[in-house]
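The values are calculated or read from the model by the stated rules, or taken from the named source; none is laboratory data. The model shown is predicted, which means the values in this text are computed figures rather than measured ones. A quick note on method: Cβ atoms are made from the backbone with ideal geometry, for glycine too, and the neighbour counts reach across all protein chains shown. We work out accessible area using only protein heavy atoms, side chains counted, and drop any ligands, DNA or RNA first. Shrake-Rupley method; radii C 1.70, N 1.55, O 1.52, S 1.80 Å.
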Amino acid sequence: MADYLGEFEQLILLALARLGEDAYGVSIRATLVERTKRKPSFGAIYSTLRRLEAKGLVASSMGESAPVRGGRAKKYVQILPRGRAALKASQRAIGRMAEGLKGFES
C-alpha cells in the first residue's frame with residue numbers, strides 16, 4: 001500500500017528534512033512559521049508526528065534532560081528513508097497534476 005500524504009504531513013516531513021538532527025517540536029514549528037507564514041499549534045504538529053511515526057515514515061528519540069527546560073528532555077524526530085520516498089512520490093504526483101495547467105507550473 002502506498003504512503004499517501006496530506007499537505008500538512010508533507011510540510012512536516014519537509015521541515016524534518018531541512019532541520020536534520022535538530023528537529024524537535026519547537027524547531028519544527030519555527031521552521032513552519034518562517035517558511036510557510038502559518039502558525040500551527042503544537043497539538044497539530046505533535047498529532048501529525050505521531051501519525052507519521054505510526055505509518056513508519058519518521059522515528060523519534062528522547063534527548064538529554066535540560067535544567068533550562070525544567071528537567072524535561074527534548075523529543076527529537078527524524079525522517080526515515082520510507083518517509084523521504086513517500087514525500088518524493090507525493091511531490092511528483094502534485095507535479096504531474098499541475099503539468100500543462102496554465103499558471104500552476106513551477
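Within region 74-85, residues that are under 10 Å from Ser61 (Cβ atoms) and at pLDDT 95 or above have Cβ atoms under 8 Å from residues that are of a type in the set (A, V, I, L, M) and open to solvent by 70 Å² or more (accessible area, probe 1.4 Å) in these pairs: Tyr76/Met62, counting only partners at least 6 apart in sequence or on another chain. When residues in region 45-69 are screened for being among the charged types (D, E, K, R) and either under 19 Å from Ala86 (Cβ atoms) or in contact with a Leu (Cβ under 8 Å, 6 or more places away or on another chain) (or both), 4 of them pass.
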